[in-house]
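To start, the structure itself, in structure tokens.
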Amino acid sequence: RNTFGYPVRLRLGRQEMKLGKGWLVDDITTAIIGRSFDGARLTYANESFDVDGWAMKLSETLAGDEDADFYGVYGTYKGLEQVKLSAYWMLVRDGVEANDTTLNGAGEWVESWFGHDDYEPSYLHTIGTRVFGAYGAFDYDWELAYQFGDADNVGSLFAPVVYGDTDAEHDNLGTDLELGYTLDVNWQPRIFVGGALFEGEDNRDFRYRDWLFPGEGRASVSFNTLFMGAPYSLNLGIGQELTNFWQLRAGIGAKPTEKISLLFRVAHFEIDETFDTPVW
């Protein structure tokens, strides 16, 4: 802490990391299982600003260009009484090698000439903003993120016969909004309404030439929820990377004691981009 006499904290090595409310980067995977990252994190904080910058290693191989890395900057302005503002940029670079086939030199040359089996490292950029705060008994929290970049690691998974999609791209929005009101009575019950959207797509239109000839498939790329912690659904969300949906929710929470919380919530889910026939 106070690195070089400045209000800067430097952390090196294995560490937990939670950004904001943990919407896209959290220090848990479920309520009882933690998550850690390996790398370096630099944090600057004063009365008005918090700024984080990091470089983490997600996967390491003997060939450095085939690693998976996680970089980003996350800043929050706290200078206003009733509103706080955050903005961030995050990058996941996935250089893990993907191959449709393993051929001899001549076969690889032919594939390259046709543009098949030519996957480059993937770059998932996420830019976003968060507006949150409270006004009297009311509280609000709205977060919006947009993702873009090459998605060859996703495209390699969509191979109708032999070859996957070498032109897949990230191009999706994700957002979450919640409004609450806390009653000034015993247990401090809080009534809330909210919703979320994670865009997806379904490019599995039936094309006979993909089956008659070893052409490339078309990837369906949905919003990547990165390192989200608390799931939107205990049935659908844990371990299944739930995305491509929208949700409406409402409920009430209370705290009978300092260490006991109660929550009742109802939610409605629908797929954003439905999977049309042929589903197989």
Legend entry - Filter result for the condition that a residue is closer than 18 Å to Gly133 by Cα and not aromatic (Phe, Trp, Tyr), over Ala55, Ala45, Ala87: Ala87
Legend entry - Lone qualifier among Val266, Val221 - being in contact with an Asp or Glu (Cβ under 7 Å, 6 or more places away or on another chain) and modelled with pLDDT of 90 or more: Val221
Legend entry - Hits in region 164-192 - residues which are touching a strand residue (DSSP E or B) at 6+ places or on another chain (Cβ under 7 Å), small (Gly, Ala, Ser) and modelled with pLDDT under 95: Gly164
Inset, instruction - Hey, can you tell me all the residues within region 9-29 that are open to solvent by less than 30 Å² (accessible area, probe 1.4 Å) and either farther than 18 Å from Met90 by Cα or part of a loop (DSSP other than H, G, I, E, B) (or both)? - result: Met17, Leu19, Gly22, Trp23, Leu24, Asp26
Inset, instruction - Scan (1) under 14 Å from the mean Cα position of the chain (by Cα); (2) free of Cβ contacts under 8 Å to residues at least 60 places away in the same chain for the single condition Leu19 breaks and write down its number. - result: (2)
Inset, instruction - Would you point out the residue of region 88-102, among those that are in contact (Cβ under 8 Å) with a residue 12 or more places away in the chain and more than 15 Å from the chain's Cα centre (by Cα), that is most open to solvent (accessible area, probe 1.4 Å)? - result: Glu97
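The values are calculated or read from the model by the stated rules, or taken from the named source; none is laboratory data. Keep in mind the model is a prediction, meaning the values are calculated, not measured. Cβ atoms come from the backbone with ideal geometry, glycine included; neighbour counts cover every protein chain shown. Only protein heavy atoms, including side chains, enter the accessible area calculation; ligands, DNA and RNA are left aside. Shrake-Rupley method; radii C 1.70, N 1.55, O 1.52, S 1.80 Å.
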